[in-house]
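Have a look at the structure below before the remarks.
The values are calculated or read from the model by the stated rules, or taken from the named source; none is laboratory data. The shown structure was predicted, so the numbers you read here are calculated from the model rather than taken from an experiment. Glycine also receives a Cβ, built like all others from the backbone with ideal geometry; neighbour counts cover every protein chain displayed. For the accessible areas, the whole protein counts, side chains as well, though only heavy atoms, and no ligand, DNA or RNA atoms are used. Shrake-Rupley method; radii C 1.70, N 1.55, O 1.52, S 1.80 Å.
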Amino acid sequence: MAITMTKGQVGLTGNAAIAYAMKQINPDVCPAYPITPSTAIIEDFSGYVADGAVDTELITVESEHSAMSACIGASAAGARVMTATSSQGLALMWEMLYIASGMRLPIILTDVNRALSAPINIHCDHSDSMGARDSGWIQLYSETVQEAYDNLFQAVRIAEHRKVLLPVMVCLDGFITSHAIENISLIDDAEAKQFVGEYIPRQHLLDTDNPITYGAMSLPENYIEFKHEQSRAIAGSKEVVLEIGKEFGKKFGREYGLFETYRLDDADTAIVILNSAAGTTKVAVDALRKQGMKVGLLRPRLFRPFPFKEITAALKNVKAVGVLDRADSMSGFGGPLFSEVRSALYDLEARPKIISRIYGLGGRDYKVKDAVEVFGELDRIRETGKVETLTKYITL
Amino acid sequence: MEEKKDNNLPLGGVIPKGGTAHEYSTGGWRKLRPVLDKNRCTNCLICWVMCPDSAVITEDGKMLGFDMEHCKGCGICAVECPDKVKAIKMEEEAE
């Protein structure tokens, strides 16, 4: 696709922007098995490969399980590796996701969020990436096309950082972000190349002078030590995410943190929500602020590792919090984001009241009025101090 | 976190050098042991080719016996030994 820029801005869909970022990053290997709604990422990128615009070896595989397996093999061989998937594709990769993180391979995956079957559905929710939340991958969520594009460059730096060496998943909403055209600023090719730098693996399988083995067995005498090491690495990656987010801001004018807050400082009530629905919620926040209601928003960007201390500090003065999940963990207790936020707030002496609302599954629209309703409910909780319904579905 | 770990384990469970299988004794897994009849053996070395654990010891093209530290007792050597020769028999370790 020809990219035409006007006044430094270019109109791109989320998928086209991710593919363009991949072109600028120019990974060594891209094993892929395209799936809706992330198909266009690989479609566009394969065009760049065919045109010779990148040096990437594109491997067309027979399933997503094979795609992730090829990512692991190529990464162990010392390549910078990227792929993209959605929904069932990520689910089929599941077994290999743990192997990628356990072997400490800095693979980059874009997950265009889509609901899981059954019933079969191609539209947005977060059940796919939430299903992979414990796989040891760092997860970055993106509200907009711009953020998804920016996140991809940062993901490379985070994954390959010597203190991290873990795979990173960049998530954006299927169709809502992946297929909607947004005006974004692109990074200059040379600056992008300089920002991601050259990948120098600390060890690799093609170094025949120093033979190594990846994927060996580890029994009770040391398996737990490897997992302990991995756990410390992902916990420590939070600092690296901040550092790289700051550096990105300094270079390109858009700084990223662990989460975004919107009119939260003096808020009595707040909604915590991931990805594109945060944009809708901000419109509701503005409307209610005009009516004098002190409402705000917190949108986590980094979900794995979960920045629990920082989120607790940001929400400690709020009276009532509504955590909106676009996925149900089928616990009978609320969504996955709710469980994390509620758990994070536990250590506060005076805790905000908190409710879980599941919204928008399978691409159901989440509208400004839905956010307004939740804020209304939170306001009643603030007044009465009582939570009547801890968890429920909205947008039904 | 520094690259040098307190527990000194290589990152990601990588084995940082080659040939480490030699240091791992798998002979204890054996239930059946191969027994060579030197009088029947023709030194064709098919057993040496087929042994998955490189546990057939040879010298100057002659079959000498088995590395019992690494032989798992799979019996492939006994099966592959040509029908006219049959110089290897598997016997119970317990006997």
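Going by the structure shown, is residue A:208 within 14 Å of another protein chain (Cβ to nearest Cβ), more than 18 Å from residue A:24 (Cα to Cα), open to solvent by 30 Å² or more (accessible area, probe 1.4 Å) and touching a Ser or Thr at 6+ places or on another chain (Cβ under 8 Å)? No; evaluated as a whole, the condition is false for this residue. Take residue A:320 and tell me if it is assigned by TED's automatic domain parsing to the domain that holds residue A:276, over 18 Å from residue A:389 (Cβ atoms) and either free of Cβ contacts under 8 Å to residues at least 60 places away in the same chain or crowded, with 22+ Cβ neighbours inside 10 Å (or both). So residue A:320 does not fit the description; no.
You will find that of A:333, A:338, the residue that is open to solvent by 10 Å² or more (accessible area, probe 1.4 Å), closer than 29 Å to residue A:119 by Cβ, in contact (Cβ under 8 Å) with a residue 40 or more places away in the chain and hydrophobic (A, V, I, L, M, F, W, C) is A:333 and no other.
Need at least 1 residues that are among the polar types (S, T, N, Q) and under 13 Å from the mean Cα position of the chain (by Cα) per element, so show me which strands (runs of 3 or more DSSP E) inside segment A:115-208 make the cut, counting only ones lying wholly within it.
Filter on segment A:115-208 gives A:138-142.
Can you say whether residue A:312 is touching a helix residue (DSSP H, G or I) at 6+ places or on another chain (Cβ under 8 Å) and either open to solvent by 40 Å² or more (accessible area, probe 1.4 Å) or under 26 Å from residue A:169 (Cβ atoms) (or both), as far as the supplied structure shows? For residue A:312, the condition - touching a helix residue (DSSP H, G or I) at 6+ places or on another chain (Cβ under 8 Å) and either open to solvent by 40 Å² or more (accessible area, probe 1.4 Å) or under 26 Å from residue A:169 (Cβ atoms) (or both) - is met.
Scanning segment A:45-72 for residues that are in contact with a Phe, Trp or Tyr (Cβ under 9 Å, 6 or more places away or on another chain), open to solvent by 30 Å² or more (accessible area, probe 1.4 Å) and within 22 Å of residue A:159 (Cβ to Cβ) gives A:58, A:65. Mind checking which residues of segment A:164-178 are among the hydrophobic types (A, V, I, L, M, F, W, C) and closer than 27 Å to residue A:79 by Cα? Those that are among the hydrophobic types (A, V, I, L, M, F, W, C) and closer than 27 Å to residue A:79 by Cα: A:164, A:165, A:166, A:168, A:169, A:170, A:171, A:172. Residues in segment A:264-323 that are within 25 Å of residue A:233 (Cα to Cα) and in a helix (DSSP H, G or I): A:308, A:309, A:310, A:311, A:312, A:313, A:314.
Looking only at segment A:217-262, filter to residues that are part of a loop (DSSP other than H, G, I, E, B) and among the small types (Gly, Ala, Ser); which one of those is modelled with the lowest pLDDT? Looking at residues that are part of a loop (DSSP other than H, G, I, E, B) and among the small types (Gly, Ala, Ser), I get A:218. Scanning segment A:88-104 for residues that are within 14 Å of another protein chain (Cβ to nearest Cβ) and hydrophobic (A, V, I, L, M, F, W, C), we see that the one that is nearest to the chain's Cα centre (by Cα) is A:100. With respect to the stated conditions, residue A:262 fails to be touching a Phe, Trp or Tyr at 6+ places or on another chain (Cβ under 7 Å), under 28 Å from residue A:150 (Cβ atoms) and either among the hydroxyl-bearing types (Ser, Thr, Tyr) or not assigned by TED's automatic domain parsing to the domain that holds residue A:382 (or both). Only residues that are open to solvent by 10 Å² or more (accessible area, probe 1.4 Å), in contact (Cβ under 8 Å) with a residue 40 or more places away in the chain and touching a helix residue (DSSP H, G or I) at 6+ places or on another chain (Cβ under 6 Å) were counted in segment A:114-124, giving 3. Exactly one residue out of A:303, A:248 is in contact (Cβ under 8 Å) with a residue 12 or more places away in the chain, open to solvent by less than 30 Å² (accessible area, probe 1.4 Å) and either outside the structural domain of residue A:176 (by TED's automatic domain parsing) or among the hydroxyl-bearing types (Ser, Thr, Tyr) (or both), and it is A:303. Could you list all residues from segment A:16-44 that are farther than 27 Å from residue A:363 by Cβ and open to solvent by less than 30 Å² (accessible area, probe 1.4 Å)? Listed by number, the residues that qualify are A:24, A:25, A:27, A:29, A:30, A:31.
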